[in-house]
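The values are calculated or read from the model by the stated rules, or taken from the named source; none is laboratory data. Please read these numbers as outputs of a predicted model, since none were measured by experiment. Ideal geometry is used to build each Cβ from the backbone, glycine not excepted, and the neighbour counts take in all protein chains shown.
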Amino acid sequence: MNINIEELKKNNFPLMGACSGIYFLFNKDDLVYVGQGWNCFLRVAEHTRKEKINRIEFTHWSYIPIEDETQRRSLERQLIRKYRPIENRI
C-alpha cells in the first residue's frame, strides 16, 4: 500500500464515530506517532487525556481506513519502521 504522508498532513478529522484503521499524529509538519485500532477516533481521543503520563503532543491527525486487523498491524509496523516517528517505540 502506498501511503502519502504529505497528503495525510493536510487532512484533519473531528472526533466522532468509529473507523478501524491506522492513524497518524502530526505536530505541525512532523509525523510524531503512528498507531492502529478498531476505533481510530477513540484511540486519538485517548492520546489527549490530561491524566495520561506520557501524553503525545500533536496539532492534528489523519487516518486511513483498514478493517482487517492483521493488515492494520502489519502496515502499522511497516510505517513505523519507514518513518520512525519520535513517539513510537520499536
(message) Please determine whether any residue of the range 53-67 is among the acidic types (Asp, Glu) and touching a residue at least 40 places away in the same chain (Cβ under 8 Å).
(response) yes
(message) Based on this model, can you work out whether TYR83 counts as in contact with a Gly (Cβ under 8 Å, 6 or more places away or on another chain) and either surrounded by 13 or more Cβ atoms within 10 Å (Cβ to Cβ) or closer than 18 Å to LYS9 by Cβ (or both)?
(response) no
(request) Could you check LEU8 against (1) at pLDDT below 85; (2) part of a strand (DSSP E or B) and say which number it fails? (result) (2)
(request) Determine the pairs where a residue that is touching a residue at least 60 places away in the same chain (Cβ under 8 Å), located within the range 22-39, has a partner that is of a type in the set (Phe, Trp, Tyr) and assigned to a strand (DSSP E or B) with Cβ atoms under 6 Å apart, the partner being 6 or more residues away or on another chain. (result) LEU25/TYR33; LEU25/TRP61
(request) Evaluate the following for ILE66: is it of a type in the set (A, V, I, L, M) and surrounded by fewer than 19 Cβ atoms within 10 Å (Cβ to Cβ)? (result) no
(request) Please find, within the range 16-71, the residue that is modelled with the highest pLDDT out of those that are assigned to a strand (DSSP E or B) and farther than 22 Å from MET1 by Cα. (result) ASN27
